[in-house]
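Okay, so here's the structure we're looking at.
Any read-out appearing in this document is the output of simple, stated calculations on the displayed coordinates, not a laboratory observation. Owing to the predicted nature of the structure, the values given are computational and were not obtained by experimental measurement. With ideal geometry, Cβ positions are generated from the backbone for all residues, glycine too; neighbour counts draw on all protein chains shown.
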Amino acid sequence: MTDTRFSFTLQHQQGRARAGELVTPHGRVATPVFMPVATQATVKSLTPEEVLALGAQMVLCNAYHLYLRPGVEMVARLGGLHRFMAWPRPTLTDSGGFQAFSLGALRQVDEAGIRFRSHLDGSLHQFTPELATANQEGLGADIIMCFDQCIAYGASKEEVRQAMERTHRWALACHRTHAASPTAAGQALFGIVQGGAFPDLRAESVAAITAIPFSGYAIGGLAVGEDKAQMYEITQQVAAGLPAGRPRYLMGVGSPEDLVESVAQGVDMFDCALPTRVARNGAVFTRRGRVDITARRFAEVTGPLEDGCDCYTCGHFTTAYLWHLFRARELLALRLASIHNLRFILRLMAEVRQAIIADRFEEFRREFHDAYRPTNEAVRQAQKERWLKARGG
RNA sequence: GGAGGGGUGGGUGAGUGGUUAAAGCCACCAGACUGUAAAUCUGGCGCUCGUAAGGGCUUCGUAGGUUCGAAUCCUACCCCCUCCA
């Protein structure tokens, strides 16, 4: 397998934080990069032009969802993923392995693959590493992912081990399948490290996955219920074990604070449904933290969601108007909040990159955390404990 | 003037003798959401004591009454609505 049209160049490094560039058949991508999630070949509520204007360089689509509807063949007949969704820039597809985690009772895992009960019509489908790879080749994304088994936090070590070892076997199968494919030259295949929150399993997984010559390496199975301290530790450990010359992708992360922290551990790529989902539920990111703007106290706030934000929403509308749109359940509320949140994240990433290149990432990181207050109860609790400890000791 | 209907917790609106501090919805408050089965979900929402379990107090227009027991039955009064003159 040779990715003649895919490459990654490390441009600058400060501590573990890296700035680099991906080259793909559909263009270049400056890293660290956040990929907005376009599960069903659309970033929910936004047009590709809008997504592009927000500063997005690349989006993630989901092969499982597109396989069920409209179907891989259909997308291929309609010109492939890029043309189908009118997104001319780089794309990445997830294999459907995550749905082994998220679909709950609708799926069953065995050695051959994962059997899914379609959430659309109840029909039964089996995904194997071979099929998952072929599906992604059919869709035609620039980067495709190995079919892995993502497992919930709280599973026993033995269960995590089994899922991990299966993921390793499937990784080999995916690599073999892709290498034999005529489309291989145009697509980069990434491997995925699993192993839950167990450092020894993670070490094993890093060894097994990096033994296969993938174009990039992903950290999977995080942000599935473990606490943030664990997540950061595992991220640091795994990132440190991945080859420096290949892009590192932390799947499914994240929140603003997670992005900053993970870049600090040497991660180059991210995707996350959080910014857009949370936006549709009325929560908005600001430099001071996440805010639920549907609360009554925002009814008459005449300023923008955030002073100094350069997004379309903040440039045109008051917080009071957004509040009204959410209360009235107007569709524009979803769009305007999504625009703001994605712009917030994408701008954050651009600033992170600039800071790394200018060798002032650590200052940036500190300033960010000083100002940013996640609403997450656990984090707040941890902050409180740290404060009490610092005060008492 | 005549006939009829109705007044329930912030709003709307169920409830017509006990299991009712009183459904549902809205509003309000809080929380969750991380490779999207999500424009979703969860909890709270009379006052008060308690960390909790649980306890106390006050509520269904107003005032009386019947009853072991009343938002529910009776009487009077106040107010609102509809139709007919």
Inset, instruction - Please report how far the C-alpha centroid of the stretch A:246-312 lies from that of the stretch A:165-179, rounded to the nearest whole angstrom. - result: 34 Å
Inset, instruction - Arrange A:ARG83, A:ARG365, A:ARG248 by Cβ neighbour counts within 10 Å, fewest through most, would you? - result: A:ARG83, A:ARG365, A:ARG248
Inset, instruction - For chain A, with a Gaussian network of springs between Cα atoms less than 10 Å apart, report the residue from A:GLY308, A:GLY154, A:GLY113 with the top mean-square fluctuation. - result: A:GLY308
Inset, instruction - Taking only Cα atoms and a 10 Å spring cutoff, compute GNM fluctuations for chain A and point out the largest among A:SER102, A:SER205, A:SER156. - result: A:SER156
Inset, instruction - Hey, can you grab everything whose amide H is under 5 Å from the amide H of A:ALA188? Only 5+ residues off in sequence or another chain; H modelled, so Pro and N-termini drop out. - result: A:ILE143, A:ILE144
Inset, instruction - Would you mind telling me which residue in A:GLY252, A:GLY303, A:GLY140 has the biggest mean-square fluctuation in a Gaussian network model of chain A, where springs connect alpha carbons within a distance under 10 angstrom? - result: A:GLY303
Inset, instruction - Could you line up A:HIS119, A:HIS82, A:HIS178 from fewest to most neighbouring Cβ atoms inside 10 Å? - result: A:HIS119, A:HIS82, A:HIS178
Inset, instruction - Compute the length gained on full extension between A:ARG327 and A:ALA211: take 0.36 nm times their separation in residues and subtract their Cα-Cα distance, giving the result in nm to one decimal. - result: 36.4 nm
Inset, instruction - Apply 1/(1 + (r/R0)^6) to the Cβ-Cβ distance of A:THR318 and A:ALA240, taking R0 = 35 Å, and write down the FRET efficiency to the nearest 0.05. - result: 0.15
Legend entry - Beta bridges by DSSP in chain A, antiparallel share as percent, to the nearest 5: 50 percent
Legend entry - Relative contact order, percent, chain A [alpha-carbon distance under 8 Å, six or more residues apart]: 17 percent
Legend entry - Whole-Hz ³J(HN,Hα) from phi, Karplus 6.51 cos²θ - 1.76 cosθ + 1.60, for the stretch A:34-40, glycine and proline x: 10, 9, x, 8, 10, 2, 9
Inset, instruction - Treat the count of other C-beta atoms within 10 Å as a stand-in for reagent exposure and order A:HIS26, A:HIS168 from fewest to most. - result: A:HIS26, A:HIS168
Legend entry - Per-residue HN-Hα couplings for the stretch A:294-310 [Karplus 6.51, -1.76, 1.60; θ = phi - 60°; Hz; x = Gly/Pro]: 8, 5, 3, 5, 9, 4, 10, 6, 8, x, x, 3, 8, 4, x, 6, 9
Inset, instruction - Divide by every residue of chain A the summed helix terms, -39500 (n - 2.57) for each DSSP H run of at least 4, and state the resulting mean residue ellipticity at 222 nm, rounded to the nearest 500 deg cm²/dmol. - result: -13000 deg cm²/dmol
